[in-house]
Every structure is written in C-alpha cells, then in structure tokens.
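Heads up: the structure comes next, in structure tokens.
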Amino acid sequence: MKVMNQPIEVISYTDDKGDIRPIRLRLQLGDEPLKVIKIDRIILKHVEKLAGNRMLLFRCQSFDGGVERLFEIKYEFNTCKWFLYKM
Amino acid sequence: MERLIFHIDVNSAYLSWEASYRLQHGAVLDLRDIPSVVGGDEASRHGIVLTKSIPAKKYGIRTGETLYEARAKCPELVVVPPRYWIYMQCSQAMNEILLEYTPKIQRFSVDESFLDFSGMKNLYADYMVLAETIKERIKTELGFTVNIGISENKLLAKVASDLKKPDRIHTLFPEEIEKKMWPLPVEDLFMVGRATSTKLHNMNIYTIGELAKFDPELLRYKMKSHGDLIWRYANGIEGSDVRKSNHIEMKGIGNSTTTAFDLEDRETACRLLLSLCETVGMRLRDSENCCRVISISIRDNSLASCGMQKKIDVATDSTRKIYETACSLFDRLWKGRPIRHMGVQVTDLCSGDFFQFSMLDSFDYEKDKKLNRAIDEIRLAHGAKAVMRSSLLHSGLSPMSGGVGEEDYPLMCSIL
C-alpha cells in the first residue's frame, strides 16, 4: 500500500453508542472521473493518538468487480474530515 | 521518607511533535532523520533556530542561532515554522498518559514534567520497569521519544534526563553523583548560564565536580546567594516539592517582541510600546494586581541591549499610566539607533483592591478604570483584534504585542 493522505467524501453510519462505521467513499484521483468505493469489510479499527491528535484508523476491504482491494482510511476528530490514508 | 522523582523530557520537543503530526498526515519523510530545524519566520525577523534535529546537530547547528547561520552550515537544511497549538496538544496528551501513573505531577514547561513516585514501592516495585513502560507508551501511542531521569530530588532527576539522548532512561542517585555528574562541564548544571559560567571559568572551575569541591564561602563572597545555590546544586542538594501547579507567586509581568522592521523614529517606537503596554496592562488587571515599578528594554540593530526602570508614586493597573511612564523612560533611554526589539515589564506588584490617590495627580482614575474594564471584556469575548487603538491602525503593529500567541502556554522557568 502507498501513503496517499487524500481528503475524501464518506458516507458513514454512527450507532447510539457513538461507534462510527464507514460505508461508502467517493474520491477523485488526479484527472480520473469520480469513483465510488463500497466498503465491504472493516478488518481493523484503531484510535490513533499520534502527536496528541486523535484519529480513527480503519483498515478496509472492498470487492470491486471481483477484485479484492485493501486500503486504510482515517477520520480526524478535530476537523471531522476523512482521509484516504493508504491504498 | 525516601523520595523517588522522575523527570521526563521530550527529545527535540518542537521538532519531534511536528514530525509526528506530519507522519500522521501522510508525510513520507521523518523530520527527525534529516537535518531540519523548527525556526521562526524570517520575514518578520523572528528567524532563529528553536529546535534542531539530531542530524542537524552534527552540522554544528545550535539552538538560538539565526537561520542564516544555520543554512550556511548546512545548505540542504529543512526549516519548518512553529505551530504552537500542536505543541499544546502533544503536551496535553503526554500529561494524560502520565496522570495514569501518579497524581503528583509538576508540568515544568511545555515539554518537561516532574513525577513524584515517593512511597509507591508497593505499587511499582521496580522503577526501571515503570520508566520503561512510560517511555514505550509515549513512543508507540504519541509517536515521539522522551528521556527519563530518575533520582531522589528534582535537580538530580533533571540532570539525569539530560545525560545522553534520545530515548533513554538514566538514574542519578546521590551515590552516583561523583561518577556521573561531576565530570560534566559546569554549563550543564541547572542555573549555570552564560553569565555564571564565565565567572566560574575565571575562578578556574570547568566541571561540576570542581564547583562541588570549591570553597562555598568564597563562592558566596563572589556571587552572593546564587553562588550558594549552584554549590548546593553541584553537590546534588535540593529539596523542593513536586508542586502540583507550576504557579508561583508572581513577581512581575512583562512582554517583549522583535519587530518585523527596524523602528527609526520616536513615534513608531512609542506605538510599539503602546501595543506592548496593552498586553501587559491586560495581564496585570487579569491577575488583579497593581504595579509600582515600570521598566522598559530596548535592543538596537547591532543587538546591543539596554534598559531602564522607574518607580511611580501611585500604584496602577492602567494601560495609559503604564504607557506614559514607558514613554518617558524611552525618551531618556533611547539614543537614536534603529530598534529591533522592545519590552515592557511591570514589577513590585501589590493588590489591586484599593489604591492611594495622589493629591498632585489630576488623572481621572475611575473613568480610566471603567474604560479599561470595558476594553478587557470586549477582548476576552471577541479576541485581541476586536477593538484597537486607532493609532495602531495600518501601523504594521499588532494591537497587542508580545507572547507566543497561545493562551496559557507554559514557558521555561528558573525555579524548580
């Protein structure tokens, strides 16, 4: 996986315990058209506190047209922004 | 009771914190692995090295020198600007981890803390294991390394954490002083700065050991109480408490700033004084004190500094009174050389509950007090720029000068 750290749009689901789960993300890489990726499985969820900055890290899996894809996305509590961290 | 004190010191704090934050946001390069420094803004002439990485140290770059000098030593040097809010966040996160181990913590500065583990032997049987746990947790969770010094008092713990960097644990118990502390150069001792070390060198004292064995009477004769203090420190004698709050009774309040351009005329210089007085005055009123002594300091473009102070008849907390006195001091002190740095300090504080009026003074204190209160309230609610002196409009000066621009930012202190 390569480090990208690209801001992305995300649809997520939050339950009544405050547990966040990303469902779908939309991104545009360079000149390519907008692309929607469905998150089929969350393999790992981890709260990161690097430099005192809290971020939620999700390692996710998607099966896009039979191709399995692995990537990491992050949610920054301070700014409420989502990032595609690694792909 | 036997005491056990930890001193925790973040390695190249500003730089490590910046590096850790950048790595979290996808930076590929770790600033700590390349020659890099955190430096002020050169355009506004705050261009000095605040923190350096260890590879930068190998080029002979020192904290406090100008970025120009630093670049001359290492042309490919990476300079990053300071971001104080990251530092506050890191310091806070580290403190949260430390609080899980002991409630007795003194945050000595933004990147240093003293921890008291006295009488916790049943809880933490082995202090080395404890130190290792804390160090590793900070490294893995927060992404930066610390040095931990362990001893029986704060002074020895502080010297110990300074021994060899980075990412290490050192002990310096009284029986180890002779071996570990005495061979060090005398400058490494807390409270021995540039001025003191010159004096000590003149007395042929170059190591801490030489200072420890020196005649304390002679030291006291030459350097008064400070001589006494550093002699005791050299012998590892220090007994202050790990204070929960770093707050000590304030002796004075002061702010200073380096200007973006040289000030060449009286009018602009006085405007800067006014801008500084605004900050000092507001802090003074916030502390509910009045001052009786006002002093100013000036540094010109050849970096020569001078200062002057004046005792006033009526204790005051009025921005205007402080400003008037500062201006009269300025007129007596300034010799016409272009100015690059100015500061205003107020000392000899007394309670601001009531004050003595002077019969010879026609100043309307009540009216001025109301005005100051109104301005303070507006600024507290809406920020420093919400209301400003019209003379500072378009002057290139900030409505309130001095400080690092962050509230409650803990700075270094000379009292343990």
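Worth a mention:
- The stretch B:140-208-the stretch B:221-296 distance, computed between alpha-carbon centres (Å): 25
- Isotropically averaged projected area of the stretch B:14-84, using the convex hull of Cα atoms (one quarter of hull area), nm²: 4.5
- Computed over the Cα atoms of chain B, the ratio of the radius of gyration to the Kirkwood radius (Rg/Rh) comes to 0.99.
- Under 28 Å of direct C-alpha separation, and excluding same-chain neighbours fewer than eight residues apart, B:Lys224 reaches these lysines: B:Lys154, B:Lys158, B:Lys180, B:Lys199, B:Lys213, B:Lys251, B:Lys310, B:Lys311.
- Coupling constants for the stretch B:186-199 follow from the phi torsions by the Karplus curve (6.51 cos²θ - 1.76 cosθ + 1.60, θ = phi - 60°), and in residue order they are 4, 5, 6, 7, 4, 6, 9, x, 4, 5, 5, 5, 4, 4 Hz; glycine and proline get x.
- Near B:Thr171, the amide H atoms lying under 5 Å from its own belong to B:Ile150; only residues 5 or more places off or on other chains count, and H is placed 1.01 Å from N.
- Dividing the convex hull volume of the alpha carbon atoms of the protein assembly as shown by its residue count gives 227 Å³ per residue.
- Within straight-line reach of B:Lys58, meaning a Cα separation under 20 Å, sit the following lysines at least 8 residues removed in sequence or on another chain: B:Lys73, B:Lys164, B:Lys165.
- Around A:Gly65: net Lys/Arg minus Asp/Glu count, Cβ-Cβ under 15 Å: 0
- Per-residue 3J(HN,Hα) values for the stretch A:65-75, derived from phi via the Karplus relation 6.51 cos²θ - 1.76 cosθ + 1.60 with θ = phi - 60°, read x, x, 9, 7, 10, 10, 8, 10, 10, 10, 10 Hz in sequence order (x marks Gly and Pro).
- The stretch A:57-87 versus the stretch B:49-80: alpha-carbon centroid distance in Å: 38
- Near B:Cys74, no amide H atom lies under 5 Å from its own; only residues 5 or more places off or on other chains count, and H is placed 1.01 Å from N.
- Only helices enter this figure: runs of n ≥ 4 DSSP H residues, each worth -39500 (n - 2.57), summed and divided by the residues of the protein assembly as shown, yield -9000 deg cm²/dmol at 222 nm to the nearest 500.
- Gyration tensor (alpha-carbon) shape descriptor, the stretch A:3-86, a/c threshold 1.5: prolate
- Each principal axis of the stretch B:184-234 carries a Cα extent, and these read 23, 20, 19 Å when sorted largest first.
- Mean separation of Cα contacts under 8 Å (6+ apart) over length of the stretch B:14-84, as relative contact order %: 31
- Exposure proxy for B:Leu276, B:Leu50, B:Leu329: other Cβ atoms within 10 Å of each Cβ, ordered fewest to most, give B:Leu50, B:Leu329, B:Leu276.
- For the stretch A:16-22, Karplus couplings with θ = phi - 60° (6.51, -1.76, 1.60), whole Hz, Gly/Pro x: 6, 9, x, 7, 9, 9, x
Only the coordinates and a few stated rules stand behind these numbers; no lab work does. The structure displayed is predicted, hence computed values, not measured ones. Counting neighbours? That spans all protein chains shown, and the Cβs are built from the backbone with ideal geometry, glycine included.
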